[in-house]
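Undergrad: Right, I'll just put the structure down here and ask away after.
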Amino acid sequence: METTEHPSTHSNKIIQAKSTTKSTKIILILLAISLLINICLICQTTNKNAIPIIDAELDGSQSFSLIDPNVAELDMKEFLENKEGYISSYTPLKTEIEKILANSTGYYGVYFEELHSHAWLGINERKKYKPASLLKTTTVASILSLVEENKLSLDKEVTLTEDDINYQFGTLYQEKGSKISIKKLIENSLLHSDNTAIKTLHQFITDEKWIETRLAMGLPLVSIEESEKGTELTRKEFSRIFHSLYYSGYLSRASSNWMLSLLSQTEFHEGIPAGVPKNIKVAHKIGIWAAEGDVHDCGIVYANKPYILCIMSSGVTQEQGDKTIKEISSKVYKYVSTR
């Protein structure tokens with residue numbers, strides 16, 4: 001006998017099915033929301049710990065042989081703490097320096113390089129200037145290279161002759177006829193920028209050694225005679241000398257350190273040193289070419305992040321040049337030290 005379903009029963013089943021479907025949809029929605037919340041929490045935790053997934057996976061299992069050893073040797077915590085310090089752009093600083101130059105007399109070129117990340121900026125950095133006494137550094141580097149090769153002794157004494165005398169800068173010209181050691185000549189060259197001292201040292205440098213030194217320190221090649229007459233360099237080119245000394249790229253560590261030590265004790269305290277706190281060491285070399293109105297100052301500032309700063313100017317008095325260089329130095333130091 002065939003059984004017929006009552007209409008009300010069929011209707012109840014339909015209602016129950018719809019209710020079940022609706023409940024299922026609600027559950028699925030709740031599950032989706034829950035999943036999204038969990039994902040957000042995971043992301044927040046990851047961001048809070050600031051550990052990139054790829055680094056977390058590779059940390060401790062890879063040598064990182066193709067990146068800077070100073071970075072590669074850090075553990076994960078140190079790397080994350082230092083990472084913000086690797087600034088790749090100093091564009092805001094460049095804008096601040098340009099404001100200073102807009103209100104300054106004369107023409108200026110600036111080169112800055114942070115020695116940790118090697119980020120740099122330049123303003124007219126490729127314009128050539130006569131570096132004047134800045135190049136005393138290359139002469140001393142040549143002499144120290146000869147000392148390292150045992151071809152010359154720091155204790156060797158020479159007599160100052162009329163051919164060695166230069167009255168334009170320094171006081172050593174007053175000691176004509178006296179004997180002086182190579183070491184003292186080097187000290188007078190860097191501490192006092194003495195022209196007689198540097199001219200006396202030139203006699204020991206062969207053409208081959210002069211060429212070797214300039215090429216090794218990244219400078220364009222000119223003769224000693226051309227250099228004395230006033231060869232031209234950009235501030236970026238000259239900065240390579242301090243780069244070479246800082247990393248001992250040409251001289252031994254002992255010689256490089258001694259040169260930088262002398263340059264940090266120079267008698268010239270205007271310009272770059274005047275723009276930083278007195279407790280901050282600055283190894284720098286000034287260059288003044290009075291006939292052209294050139295005032296230059298280049299060196300390394302040993303801030304929390306050491307940097308090279310090289311500023312060259314023309315068409316200025318020494319007072320004007322020193323003032324503007326000091327302003328730029330102060331602006332650079334404050335910018336670097338707060339980051």
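Every read-out reported here was derived from the displayed coordinates using simple, explicitly stated rules and does not represent laboratory data. Just so we're clear, the structure is a prediction, and the values are computed from it rather than from any experiment.
Undergrad: Under the Karplus relation 6.51 cos²θ - 1.76 cosθ + 1.60, θ = phi - 60°, what is the ordered set of whole-Hz ³J(HN,Hα) values for the stretch 198-208, x standing for Gly and Pro?
TA: 5, 5, 5, 5, 4, 5, 8, 9, 6, 4, 5
Undergrad: Rounded, prolate or oblate: which fits the stretch 128-186 when a ≥ b ≥ c are the square roots of the eigenvalues of the alpha-carbon gyration tensor, with rounded for a/c under 1.5 and prolate only if a/b beats b/c?
TA: oblate
Undergrad: Starting from the Kirkwood radius over alpha-carbon pairs of the stretch 125-223, derive D by Stokes-Einstein at 20 °C in a medium of 1.002 mPa s and give it in µm² s⁻¹.
TA: 153
Undergrad: Put one equal scatterer on each alpha carbon of the stretch 182-289, apply the Debye formula with no solvent term, and list log10 I(q)/I(0) at q = 0.14, 0.15 1/Å to two decimals.
TA: -0.61, -0.71
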